[in-house]
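Colleague: Got a structure here, written out as structure tokens. Questions coming.
The values are calculated or read from the model by the stated rules, or taken from the named source; none is laboratory data. The model shown is predicted, which means the values in this text are computed figures rather than measured ones. As a convention, Cβ positions derive from the backbone with ideal geometry for all residues, glycine included, and neighbour counts pool all protein chains shown. Note: accessible area is taken over every heavy atom of the protein model, side chains too, but ligands, DNA and RNA are not part of it. Shrake-Rupley method; radii C 1.70, N 1.55, O 1.52, S 1.80 Å.
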Amino acid sequence: SHPPLCPTGIKCGGVLSAPSGNFSSPNFPGLYPYETECTWLIVVAEGSSVLLSFSHFELEYHDACAYDYLQVYNGAARDRGNLLGTFCGHSPPPPFSSAWHVMAVVFRSDRHVAKHGFAAAYRKDACGGQLTGLSGEITTPRYPESYPNDAECRWSIGGASGGGPLTLVFADFHMEGGQGCSFDYVAIFDGPTVTAPRLGRYCGSTHPPRTVSSTPHLLIIFKSDFNIGGRGFKAHFYSAGECQEVFTAIKGNFSSPQYPSFYPNNLKCQWSIHLPTGYRIKVFFLDMELEGRSSLTGGCEYDHLSAFDGSTENGFLLGRWCGRESVAPITSLSNQLLMVLHTDRNTAKRGFSIAYVGVVPMNVSCTRTDFHIQIPVQSLAQLERNRIYLGTPSCAARVVGRNFKIHTRFDTCGTESQRRNNTSVIVSTLYIDFSVGDQEDIHQYEVQCEPKRKEASVTLIAGPDPSRLSQAENLVDAQQWEGESMDAHEIKSQDTSDIVFISICILAGLLMVIAVVGLVLL
């Protein structure tokens with residue numbers, strides 16, 4: 001028999017708020033209608049999770065489930081950051097446990113080929129469950145009200161496709177204390193069962209530390225005894241592989257989890273950059289699409305990316321972004337930078353891609369005829385002096401005391417004269433070669449001098465990826481060389497060059513006067 005076309009006003013989907021229940025595709029166990037779309041939103045008591053299972057499943061098959069399909073969401077529907085899976089064919093979805101008290105199921109059929117559909121059942125799990133999403137939230141029963149006595153909950157987290165190590169962060173924690181945590185406690189195991197290594201056992205009101213598993217599984221057990229409770233806890237978990245990283249290399253790049261696919265919801269990711277003393281860190285935003293600004297406040301209230309100077313969120317806030325903004329590069333004030341991504345429970349987007357490069361500390365100045373460049377040796381301790389050169393390798397730095405120094409005249413080392421903003425300037429390129437083996441890694445800085453004013457500046461022109469770094473930024477403001485920081489012969493060089501320049505001008509003037517007088521006499 002042929003399935004009916006979807007009748008006008010067919011009833012399917014809806015909100016399911018009972019502690020347990022059943023639902024199925026339209027006409028089940030008969031053939032489902034063509035061109036049908038149904039959404040079931042399952043909502044149970046906050047602090048509980050939803051356990052979902054399928055007793056029958058038969059949909060039209062396609063290798064990408066592009067025709068008829070069923071989708072399961074860990075929260076509200078149609079949010080890619082919540083999607084647990086898309087299913088079709090004859091293989092039923094596995095049992096699911098939501099990471100909070102909301103789960104959604106979407107069924108869709110096209111205009112060809114109908115099957116018998118599916119039958120599903122759900123129930124509220126008071127606490128605990130098998131959590132398979134890339135991110136989620138767990139709370140004690142009745143949170144934030146006091147948890148019940150004689151409770152035991154087990155959350156087994158992991159099993160998501162492509163999942164890496166897991167990070168668990170406690171946002172709130174208040175339980176009965178006691179020596180040895182023998183009354184009420186939370187125990188965390190580095191694997192799916194209690195036979196795995198125990199990562200910690202906690203009680204009282206001190207937040208447990210951030211925990212990172214060594215496997216794609218975590219087991220969390222909560223137990224309370226017969227009296228004295230507390231508010232309990234709220235904790236977030238997420239796949240940690242792309243979400244918690246520390247960088248110490250002079251340059252690098254990173255992106256939001258699953259980029260350029262949609263990032264998971266309910267994340268807090270941190271990328272920390274630590275470079276040698278004296279360096280600053282320049283960050284380039286290659287691509288960014290996050291959830292947009294709040295329509296009420298105009299601020300980045302939902303998903304947002306923040307940058308802090310230093311290693312903690314207590315540092316100076318360098319910027320906070322959301323939406324599809326084109327962000328200019330930023331530069332840290334110190335040698336440490338922290339980037340933090342917060343995502344909420346819904347509306348995931350593509351995310352971001354970032355590159356950074358360490359800005360080498362240097363002092364650049366010029367006279368009317370010479371460039372002076374000085375870089376602390378400790379900033380480039382692993383480099384030989386011939387890896388630092390101006391224009392050509394023959395103009396390499398020399399080591400003077402604790403500094404690499406380059407002192408060259410304008411008519412050497414690949415310098416050239418240009419006009420910029422109707423001003424004559426002398427320009428050259430400083431190369432710092434960090435290459436190791438076959439991996440070429442040469443950073444380039446444009447060095448510029450305005451001879452008339454004896455003002456120099458330096459600009460990073462190539463770091464992480466020259467083709468992407470279209471926006472350069474002055475790293476050293478135009479500055480005159482401070483005489484006391486020079487060697488005696490360098491000061492002499494500057495003074496001599498000025499004297500020579502003035503002498504030439506005077507001599508030229510005298511010759512002109514003599515020539516004029518000679519013409520008059522003739």
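Colleague: Which lysines have a Cα less than 23 Å from the Cα of Lys454, not counting those fewer than 8 places away in the same chain?
Modeller: Partners within reach: Lys405, Lys492.
Colleague: Computing the accessible area with a 1.4 Å probe over protein heavy atoms, can you report the carbon and sulfur percentage for segment 13-125?
Modeller: Percent of accessible area from carbon and sulfur atoms in segment 13-125: 50.
Colleague: When the chain is fully extended, how far beyond the present Cα-Cα distance does Glu37 get from Glu446, taking 0.36 nm per residue of separation?
Modeller: Result: 141.3 nm gained on full extension.
Colleague: Quantify, in whole percent, the carbon and sulfur part of the accessible surface of segment 363-462 (1.4 Å probe; protein heavy atoms only).
Modeller: Numbers: 2020 of 4970 Å².
Its accessible area is 41 percent carbon and sulfur atoms.
Colleague: Using 0.36 nm per residue, how much length does the chain from Ser91 to Phe316 gain when fully extended, once their Cα-Cα distance is taken away?
Modeller: The Ser91-Phe316 span can extend by a further 75.7 nm.
Colleague: Quickly work out the Ala64-to-Val399 label distance, labels modelled 7 Å from Cα along the C-beta direction, and quote it in nm with one decimal.
Modeller: 5.9 nm
Colleague: When we measure straight from the Cα of Lys115, which lysines land under 20 angstrom away, once same-chain ones fewer than 8 places off are left out?
Modeller: Those lysines meeting the cut-off are Lys11.
Colleague: Shifting gears a bit: Probe 1.4 Å, all protein chains in place: accessible area of Met288 in Å², nearest 10?
Modeller: Only protein atoms counted, so the area is about 10 Å².
Colleague: Could you order Cys395, Cys243 by accessible surface area, starting with the largest, using a probe radius of 1.4 Å?
Modeller: Heavy-atom accessible area, descending, gives Cys395, Cys243.
Colleague: Between Arg385 and His56, what is the label-point separation in nm under the 7 Å Cα-to-beta-carbon projection?
Modeller: 8.5 nm
Colleague: List every residue whose amide H lies under 5 Å from the amide H of Asn335, counting only residues 5 or more places away in sequence or on a different chain, with H placed 1.01 Å from N in the peptide plane.
Modeller: Gly278
Colleague: Quick check: with the 1.4 Å probe, what order do His304, His62, His90 take by accessible area, largest first? Present the calculation step by step, with values, prior to reporting the outcome.
Modeller: Numbers: His304 20, His62 45, His90 120 Å².
The most accessible residue leads, giving His90, His62, His304.
Colleague: Related question: Tell me, what % of the accessible area of segment 244-359 is carbon and sulfur with a 1.4 angstrom probe?
Modeller: Whole-percent figure for carbon plus sulfur exposure: 48.
Colleague: Okay, moving on. Between Asn149 and Asp344, what is the spin-label point distance in nm, taking each point 7 Å from the Cα along the Cα→C-beta axis?
Modeller: According to this spin-label approximation, the distance is 3.9 nm.
Colleague: Would you work out the relative contact order for segment 130-239, in percent, from Cα pairs under 8 angstrom that are 6 or more residues apart?
Modeller: On the way: 286 pairs, mean separation 48.9, N = 110.
Worked out over segment 130-239, it gives 44 percent.
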